[in-house]
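K.L.:
One structure follows; several queries about it will come next.
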Amino acid sequence: MSGPGPESTSNAATLAEAANNAAKHDAAPQKAATHHTASPGAGRARRAADTLRLVGRVAALSLHRPRRPDRRWDVFWRGVAQGSLREPIIWDAAPGVRNEEIRQHLHTMATMMDTSLPVVDLGCGNGAISHRLTGTFPSVLGVDVSPEAVAAAHAVHAHVPDLSFRSLDATQAAAVSGLARELGDANVFVRGVFHVLSRRRQARLAASIKALLGTRGRLYLVETNVPGSALSYLRGLGATGDRIPGPLRQAISALPKPGHFGATQRARVFPASRWTLLGEGPTVLKTVPMQPGGPPGSIPAYWAVLVPKP
């Protein structure tokens, strides 16, 4: 997974605001607990202190990100290829049949999409999920904004039949229109891209997807949709003021901040006046384990299948 185009975010500012609010909440006295004043008060103080330590760690890690947003994805994938980024890639799905998340996506796509059409995996990253799609569709094209990501995908999956990769910015209409003419009608798969984009780029990507779908293609969308603040997202993956798991620490230091993309955001980006919603629901993104040998991480998410209106 990589973004389809350059994007700008501010982890430190958002987390600092969340930390300030969370620390105030954690430190505030609770009227219902007045008969246990010592223990609850001490617990709230500890949590507030942990929140502030966590924000400090995140702010320090964010300083290492490339200043130019359009370089983040390429710098990240180059670091993976050259070994300077050694932690597992956080969003990589577990391989093979062990990954229940990917099995569910494939089942839904098989029942709700025309599987005689090719599929474009937008934001393919290293191509791990693109490879899984070859069992459902006759051909798969993985597309990523990062040439380094596409190089990695080629290196790993060079001999997989009917699987190819290409680097282009899918938020640029000219690049996508050429691809649409080349492919004809196609399905589109997107996992974890919209939630890191600004509203302007979300709208551009939706227009590009419409061009790729043509008259018969359908979009399968699955996006991070964590309730609560950015701190809730981090704590849900095991981060504390004393320790941030390696894969999460690596992502914070190199990549855009994750966001929400659920039914509300989908309705804005894919309005009912121009898109038909065929299905939607909650799901869970399964990440790499946060600890060596541990279970996969789980991130609350949202899925939808859409088709453009004539």
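The values are calculated or read from the model by the stated rules, or taken from the named source; none is laboratory data. Bear in mind that the values here come from a model prediction, so they are computed numbers and not experimental data. Glycine gets a Cβ as well: all are built from the backbone with ideal geometry, and neighbour counts include every protein chain shown. Surface areas here come from the heavy atoms of the whole protein model, side chains and all, with no ligands, DNA or RNA. Shrake-Rupley method; radii C 1.70, N 1.55, O 1.52, S 1.80 Å.
K.L.:
Being free of Cβ contacts under 8 Å to residues at least 60 places away in the same chain and within 17 Å of the chain's Cα centre (by Cα) is the filter; apply it to region 236-263 and report the residue that is least open to solvent (accessible area, probe 1.4 Å).
P.N.:
Checking each candidate, the answer is Gly262.
K.L.:
Test each condition in (1) within 21 Å of Ala304 (Cβ to Cβ); (2) touching a strand residue (DSSP E or B) at 6+ places or on another chain (Cβ under 7 Å); (3) charged (D, E, K, R) for Asp92 and report the one that comes out false.
P.N.:
Of the numbered conditions (1) within 21 Å of Ala304 (Cβ to Cβ); (2) touching a strand residue (DSSP E or B) at 6+ places or on another chain (Cβ under 7 Å); (3) charged (D, E, K, R), the odd one out for Asp92 is (1).
K.L.:
Between a first residue in region 77-88 that is more than 14 Å from Pro245 (Cα to Cα) and of a type outside the set (Val, Ile, Thr) and a second residue that is assigned to a loop (DSSP other than H, G, I, E, B) and open to solvent by less than 80 Å² (accessible area, probe 1.4 Å), which pairs have beta carbons less than 6 Å apart while being 6 or more apart in sequence or on different chains?
P.N.:
Between residues of region 77-88 that are more than 14 Å from Pro245 (Cα to Cα) and of a type outside the set (Val, Ile, Thr) and residues that are assigned to a loop (DSSP other than H, G, I, E, B) and open to solvent by less than 80 Å² (accessible area, probe 1.4 Å), the close pairs are Trp77/Ser146; Gly79/Leu85.
K.L.:
In addition: Going through region 206-235 one residue at a time, which ones are outside any strand (DSSP E or B), open to solvent by less than 30 Å² (accessible area, probe 1.4 Å) and farther than 22 Å from Leu117 by Cβ?
P.N.:
Answer for region 206-235, where residues must be outside any strand (DSSP E or B), open to solvent by less than 30 Å² (accessible area, probe 1.4 Å) and farther than 22 Å from Leu117 by Cβ: Val226, Ala230, Leu231, Leu234.
K.L.:
Now a separate question. Gly79: open to solvent by less than 80 Å² (accessible area, probe 1.4 Å), touching a helix residue (DSSP H, G or I) at 6+ places or on another chain (Cβ under 9 Å), modelled with pLDDT of 80 or more and not aliphatic (A, V, I, L, M), yes or no?
P.N.:
Considered against the rule, which asks whether it is open to solvent by less than 80 Å² (accessible area, probe 1.4 Å), touching a helix residue (DSSP H, G or I) at 6+ places or on another chain (Cβ under 9 Å), modelled with pLDDT of 80 or more and not aliphatic (A, V, I, L, M), Gly79 comes out as yes.
K.L.:
Could you please give the count of residues in region 109-154 that are over 23 Å from the mean Cα position of the chain (by Cα) and either farther than 26 Å from Glu280 by Cβ or of a type in the set (Lys, Arg) (or both)?
P.N.:
Adding up the residues that qualify gives 2.
K.L.:
Further question on the same structure: Looking only at residues that are touching a Lys or Arg at 6+ places or on another chain (Cβ under 7 Å) and part of a strand (DSSP E or B) in region 264-277, which one is most open to solvent (accessible area, probe 1.4 Å)?
P.N.:
Out of the qualifying residues, it is Thr276.
K.L.:
Which fully enclosed strands (runs of 3 or more DSSP E) of region 118-205 have 2 or more residues being polar (S, T, N, Q)?
P.N.:
163-167
K.L.:
Scan Leu122, Leu117, Leu179 and give me the residue that is open to solvent by less than 30 Å² (accessible area, probe 1.4 Å) and free of Cβ contacts under 8 Å to residues at least 60 places away in the same chain.
P.N.:
Leu179
K.L.:
As an exercise: evaluate Glu148 against (1) touching a strand residue (DSSP E or B) at 6+ places or on another chain (Cβ under 7 Å); (2) more than 28 Å from Val307 (Cα to Cα) and give the number of the one condition it does not meet.
P.N.:
(1)
K.L.:
Report, ordered by the first and then the second residue, all pairs with beta carbons closer than 6 Å, sequence separation of six or more or different chains, a first member in region 155-169 that is under 14 Å from Cys124 (Cβ atoms) and open to solvent by less than 50 Å² (accessible area, probe 1.4 Å), and a second member that is assigned to a loop (DSSP other than H, G, I, E, B) and among the charged types (D, E, K, R).
P.N.:
Partner pairs satisfying both residue conditions: none exist.
K.L.:
Could you grab the pairs with beta carbons closer than 9 Å, sequence gap of 6+ or different chains, first residue in region 42-55 and under 20 Å from Leu237 (Cβ atoms) and among the acidic types (Asp, Glu), second one modelled with pLDDT of 80 or more and surrounded by fewer than 16 Cβ atoms within 10 Å (Cβ to Cβ)?
P.N.:
What qualifies is Asp50/Thr240; Asp50/Asp242.
K.L.:
Return the residues of region 82-114 that are at pLDDT 90 or above and either among the β-branched types (Val, Ile, Thr) or open to solvent by less than 20 Å² (accessible area, probe 1.4 Å) (or both); say none if nothing qualifies.
P.N.:
His105, Thr108, Met109, Thr111, Met113
K.L.:
Please determine, by comparing only the residues of region 278-297 that are of a type in the set (S, T, N, Q) and surrounded by 14 or more Cβ atoms within 10 Å (Cβ to Cβ), which one is nearest to Gln104 (Cα to Cα).
P.N.:
Thr283
K.L.:
Sticking with this one: Under 8 Å between Cβ atoms, which residue pairs at least 6 apart in sequence (or on different chains) link something in region 269-297 that is without any contact (Cβ under 8 Å) to a residue 24 or more places away in the chain with a partner that is assigned to a strand (DSSP E or B) and not small (Gly, Ala, Ser)?
P.N.:
Here the result reads Gly281/Tyr302; Gly281/Trp303; Pro295/Pro289, each pair linking region 269-297 to a residue that is assigned to a strand (DSSP E or B) and not small (Gly, Ala, Ser).
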